[in-house]
């Protein structure tokens, strides 16, 4: 098996450190909102929906802009820098509006960096290794999501550090990520698109089947609300707040362990079938989440749900690179990320509203139904026949 380019490893390390920083805060956010600030599920849905939709819109602009200027790294560095600066300010929040403002700014940073980063990673990876490369990046990202909750748990349970201080300390791994990005990641020399000065967001040159793929992704994402609701459900079913970081960490251990081998599997097998299989696992776990009870059941469902993420995250991104050549790949990743995120606001608002007014069974049941519909639709999308052909 060929050695992966250093950009894959360096960008994976950046993701690890950034997620360690982010996940010191994120799994505790539902508790912080509900217990400390007195906000309910509908507010959580609004915050997460606005935050993720903001990120998605900017992912399109930043991906297209990186193709236009022919450079990726400056936008990647700017995005990670903004998030690392804003995230620790959660410690000073005194109302849910402050949480919204910090999450909004943090997601602006994510929106600026994600599409250029994915294009930067794909630029140095041959087609037959795309799944493995994106799987490794996601694996290291999830490993950071293990480290972050463990750090939070240790600080809260063993050191007796207040919740807000944990949020402040999240700045340390965030700053380390910036150092790795600045000194270890290599820029890619990519020519601008062949047409003279195309419109920044022009998607007309993207293949028709790719646009069909994006439409199916929108259907799936409409049922894919924030994972913060899963934490809320677990706490409601008896999982102690102090164990939430451990549960979140175990969830990401499974994702980290499986992302690379499942990404590599997508290089040897049909990526579409792997994604459909992952979405079916999603539908099954969400359906069970709405009707089953008990803290140990919640733990088991979290670990099974991790299989869906490991199977799909790398494969979905590798499939984008299969569809589109390098001269438009930043734009393609931008449209992909927009498709994921444009449905995030209605998805989280719908789920939060159904959860608050109709209860967990209805909210989780609707999401499971949308996942089943998307699985059927994706089966009908024509994808590149030979993934290894480039």
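The values are calculated or read from the model by the stated rules, or taken from the named source; none is laboratory data. Fair warning: this is a prediction, and the values are worked out from it, not measured in the lab. For neighbour counting, all protein chains shown are included, and Cβ atoms are generated from backbone atoms with ideal geometry for every residue, glycine included.
Here's the yes/no breakdown for (1) in contact (Cβ under 8 Å) with a residue 24 or more places away in the chain; (2) farther than 21 Å from residue 375 by Cα; (3) buried (at least 20 other Cβ atoms within 10 Å of the Cβ):
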position: 242; (1), (2), (3): yes, yes, no
position: 257; (1), (2), (3): yes, yes, no
position: 261; (1), (2), (3): yes, yes, no
position: 273; (1), (2), (3): no, no, no
position: 282; (1), (2), (3): yes, no, yes
position: 287; (1), (2), (3): yes, no, no
position: 293; (1), (2), (3): yes, yes, no
Among residues of segment 66-90, those that are modelled with pLDDT under 90, assigned to a helix (DSSP H, G or I) and in contact with a helix residue (DSSP H, G or I) (Cβ under 7 Å, 6 or more places away or on another chain), counted
2
From (1) over 25 Å from residue 254 (Cα atoms); (2) more than 15 Å from the chain's Cα centre (by Cα), pick out the condition that doesn't hold for residue 293.
(1)
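Which is out of contact with any strand residue (DSSP E or B) (no Cβ under 7 Å at 6 or more places or on another chain), at pLDDT 75 or above and more than 16 Å from residue 233 (Cβ to Cβ), of 37, 28?
Checking each option against the conditions leaves just 37.
I want to confirm something. Restricting to segment 324-358 and keeping residues that are touching a helix residue (DSSP H, G or I) at 6+ places or on another chain (Cβ under 8 Å) and not in a helix (DSSP H, G or I), which single residue is surrounded by the most Cβ atoms within 10 Å (Cβ to Cβ)?
Across segment 324-358, the extreme among qualifying residues is 343.
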How do the helices (runs of 4 or more DSSP H) wholly within segment 200-294 filter down when requiring 1 or more residues that are closer than 30 Å to residue 68 by Cα: which remain?
208-222, 244-268, 271-291
Specify which of the listed residues (105, 122, 159) is within 18 Å of the chain's Cα centre (by Cα) and surrounded by fewer than 22 Cβ atoms within 10 Å (Cβ to Cβ).
105
